[in-house]
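Only one structure is covered here, and it is reproduced in the block below.
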Amino acid sequence: MKKNRAIVTLLVTVLVLGCLSYTAVFGIGAEKTGAARNIRQGLDLAGGVSITYQVVGEEDPSESDMNDTIYKLQRRVEAYSTEAQVYQEGSDRINIEIPGVSDANAVLEELGKPGSLYFMASDGAEVLTGEDVADAQAGTQQDKMGNNQYVVQLTLTEEGATKFAVATALAAPNHDVIFIMYDGMIVSMPSVNEEITDGVAVITGMGSFEEAERLASTIRIGGLKLELEELRSNVVGAQLGSEAIRTSLVAGAVGMGLVVLFMLIVYLVPGFAASLALGIYVGLIVVLLNAFEITLTLPGIAGIILSIGMAVDANVIIFARIREELATGKTVQSSMKIGFQKALSAIIDGNVTTLIAALVLGVKGSGSVRGFAQTLALGIIVSMFTALFVTRLILNALFALGLKDVKFYGVGKERKTWNFLSKKAVFFAVSLLVIAGGFVCMGVNQSSTGDALNYSLEFKGGTSTNITFNEDMTIEELDSTVVPVIEAITGDGNVQAQKVSGSNEVIIKTRTLSVEERETLNAKMAENFGVDTEKITAETISSTISSEMRNDAVIAVVIATGCMLLYIWFRFKDIRFAASAVTALVHDVLVVLAFYAVARVSVGSTFIACMLTIVGYSINATIVIFDRIRENLNGTKKREGLPDIVNTSITQTLSRSIFTSLTTFFMVGALYIMGVTSIREFALPLMVGILCGTYSSICLAGAFWYVMRTKLVGKQEQNQKSGNGKKQKVSGK
């Protein structure tokens, strides 16, 4: 790169960084609303609309009907936000909370009244009802001319398929219309072109994907087991409050500052280039979160933290490779070129593996799992771009401007290879003891409290108490004065407070309260805050994370793990690499689960995000070591014995493993030190997961592979082993 071009490159870099920062803070256009302020936020960060529905026509609806209705409503409202919550209130009410909106009437008008849906033939005969529809999804398909068209695909139940076959057989000869009716109104009137006998039908003629999605959503919600009517609607405030958001932002800035300082001290000029690229990365993330209208919550923040760690990780891998090349006597320019080339496979494999998991979770997961997956996927793509292109461009520009001396880049030092494999029995024993201890602790918890883990409101449900105070209290005042009183009554720190906008009413959610505890709470509110006890109402509420949502999350994780295993197998041409990586991943999850059991950290929606973060972090760290083992197996190291190759590979990547953990730890540690209680309960298990992921990558992953490699020996390897590694020859007579 010539000097003039280098100057232009750096000027453009600074300009881009400045524009992204300005757009994030102040925005562009007439309104000039900064992208950071305009990002859609979840209920925990910004509040939203709360709508309560009452079951119509049934005094005591069954549990199965209520669960079915809640699950289908959950899928319906995810069109507004992946972080929307649906849960049962009392015996015959369903509450919906949708973040990021403030007009309840607009939501009600668009959502419609969940009620009866039925299909009617042109002669007025009812064909089937919403309960006969198993699913309805919007999509695209090609018409006879090869053009894409928007459609709704219906999947009918077995009974519905039989009914539909009869109806379409009658309607097909004359291309008669079948009316789709919702609450007495026609929502669609497709004509029948042929008899449909397999229970799968496609409705065409949609003007846009949004129109197709609206019709599909209407059909899905119309298939509810119960008919509902609106009972009340409120605008509710954030669960965490402005102070929690402010401290989180400050903590994030401090964490980023520590990461930049670390990169500058350890990596000098390359660290400066990486810091500029990281600034561009953060600016891009803020702008893209706003552009794609991704809802940001605590789980979403976890995805961003992980992606920042991976962005730094890619740079650390590259810079370590550059220093290794410099240690062999190569020039700075040559070392930079080779360093980027050699680091490419590890970066791509690590990021693509995590991206596969994010995509599967985004498609198969629901609620906070989907929100986490969206932010993680976005972060991975942007971090790969900044690490592989932006950092390289800046580094080449700095070199062209005269920073060519080796002292500005650092030279890798030859490290004594540590015999990690000799300690594998100790490592295995320690891990087994920790995991076993976790299960023992869960058993003790189960026998003493009835729950293996400290499940929060999101998992167990509890009591929702509406209190009308004599004054309008801020969420910070509630957290400092009211919440401690309630915590003293419940003996539990899992208390959520939400303000109802435009009133002095506050919704307090706690674990399930007994009659005596409710009476005590009422008395304390009257005694300490002068509340009229007649204005206090309480209802039992179900969990916001339904069993179906938990099942969706488990299925999504299993599928994601399987896809990661297949990718690693494909890339490394050895299933033992894949099996070892997954084993290390499972180890990390079980250790963190043991920590949850021992420390009694609240298990809520952030628990799922925490576990998913650890899965992504663990697999990425392991891939880097396996990439070096693969390289050494195929390169000059292949003359060494297998234990030497494994130990050498781990030693060569040791600085990367430690430094990446440190930079990610800076981010999460700042959140833990400076955040409020809910933030700290979120950050603490993540810190444990980072430490555990580092330990398993260094001490266990290579050992797992070595054991599988030596115990599960293929035919070719057996032949090589029997010949003591020498080439076999066959001679004629």
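What to note about this one:
- Accessible area expressed per residue, the chain, with surrounding protein chains retained (probe 1.4 Å, Å²): 45
- Other residues within the sphere of radius under 14 Å centred on the Cβ of Gly693, judged by their own Cβ, net out at -1 (K and R +1, D and E -1).
- Portion, in percent, of the accessible area of the stretch 568-678 that falls on carbon or sulfur, probe 1.4 Å: 67
- Peptides 207-216, 86-95, 501-510, ordered by how many other C-beta atoms sit within 10 Å of their residues on average, highest first, read 86-95, 501-510, 207-216.
- Net charge of Cβ neighbours under 12 Å - reference Met564; Lys, Arg +1; Asp, Glu -1: 0
- Taking all C-alpha pairs of the stretch 344-403, those more than 19 Å from each other amount to 44 percent.
- Restricting the calculation to Cα atoms, the stretch 267-419 shows an Rg/Rh of 1.05 when the hydrodynamic-style radius is the Kirkwood one.
- 14 Å beta-carbon shell around Ala670, net charge (K/R +1, D/E -1): +2
- Taking all protein chains as shown and a probe of 1.4 angstrom, Glu126 keeps an accessible surface of around 120 Å².
- With respect to the chain, whose longest principal axis is taken over its alpha-carbon atoms, helix 158-171 is tilted by about 70°.
- Taking every alpha-carbon pair under 8 Å whose residues sit at least 6 apart, the chain reaches a relative contact order of 16 percent.
The values are calculated or read from the model by the stated rules, or taken from the named source; none is laboratory data. This is a predicted model, so every value here is computed, not measured. When we count neighbours, we look across all protein chains shown, and the Cβ atoms used for this are built from the backbone with ideal geometry, even at glycine. Protein only, heavy atoms only, side chains kept; ligands, DNA and RNA dropped before computing areas. Shrake-Rupley method; radii C 1.70, N 1.55, O 1.52, S 1.80 Å.
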